Amino acid sequence: MIAMILAAGRGERMRPLTDHTPKPLLEVAGRALIVWHIEKLVAAGITKLVINHAHLGAQIESALGDGRRFGASIRYSPETLALETAGGIANALPLIGEEEIFAVVNGDIWCDYDFQRLHDRAAAMHSAGDAAHLVLVNNPAHHPNGDFILHVNRVVTLPTTHYPLSAALTFSGIGLYHPRMFSEIPRGSASPLAPLLRAQMAQGKVSGEHHAGRWVDVGTPQRLHELDAELRKDAHV
């Protein structure tokens, strides 16, 4: 399986830290956010990685190289301007391939999700003919209303009249996708992911799971600082 790590965002809310450092290279407990992902993916046997970048992308390539020191093979998908999530994925399809299900991880999150689970999830997607599989988490304080409903392993879009909003969960930024979802997006064009997901949800083609473990959207300096302190305490760094 190939995994793509999304690393093209500007990180406006993280300024001034991101004025000179791309957000995925910001460190918690002595390691860059993106390195946490790489190491966890490799530990799960996912060693073929694609990383997109735009803002200060040369720093990302310089820091990570070809991935060999992590036990991975890394290829890069540069963007002159960030193409949003779906646009970035579509732009990288020549590196990902257009036949096999692949994983995508947001570069600016931290999560203790076991990526080993993605192998079985991808096999189930293939058997069911699904277009996507999403990992959902409990709603954080800064996003209390959530994104989607999870019902019998199917992801349902909001708003809905069939399920209470109190059951909504937040999309973690970790997912599996079939390349066909992105085949009609012209390479180099900006495109958001949410409309594509909602279209597939309407057809019942998106599975999901609830990860009840630790997850942080590292979107502000305060959250970065809090995560750093938490991980250092855990590791006695």
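The values are calculated or read from the model by the stated rules, or taken from the named source; none is laboratory data. Here the structure is a predicted model, which means the values were calculated and not measured. For neighbour counting, all protein chains shown are included, and Cβ atoms are generated from backbone atoms with ideal geometry for every residue, glycine included.
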Sort out which residues of segment 188-213 are under 21 Å from G9 (Cβ atoms) and surrounded by 12 or more Cβ atoms within 10 Å (Cβ to Cβ), and write them in order of number. G188, S189, A190, S191, P192, L193, A194, L196, L197
Failed item in (1) among the aliphatic types (A, V, I, L, M); (2) closer than 25 Å to E12 by Cα; (3) part of a strand (DSSP E or B), with A141 passing the rest: (3)
Please name all residue pairs, on different chains or six or more residues apart, with Cβ atoms under 8 Å, provided the first residue is in segment 54-73 and is more than 19 Å from G30 (Cβ to Cβ) and of a type in the set (V, I, T) and the second residue is surrounded by 13 or more Cβ atoms within 10 Å (Cβ to Cβ) and modelled with pLDDT of 95 or more. none
crowded, with 21+ Cβ neighbours inside 10 Å and under 25 Å from P186 (Cα atoms): is that true of H53 in this structure? yes
Those residues of segment 1-47 which are among the small types (G, A, S) and either crowded, with 17+ Cβ neighbours inside 10 Å or assigned to a loop (DSSP other than H, G, I, E, B) (or both) amount to A3, A7, A8, G9, G11, A29, G30, A32, A44, G45
Assuming A92 fulfils every condition listed in (1) out of contact with any strand residue (DSSP E or B) (no Cβ under 8 Å at 6 or more places or on another chain); (2) surrounded by 19 or more Cβ atoms within 10 Å (Cβ to Cβ) apart from one, which condition is it? (1)
Heads up, the strands (runs of 3 or more DSSP E) in segment 50-128 (entirely inside) with at least 3 residues that are of a type in the set (D, E, K, R), in contact with a Cys (Cβ under 6 Å, 6 or more places away or on another chain) and under 30 Å from P16 (Cα atoms) are none
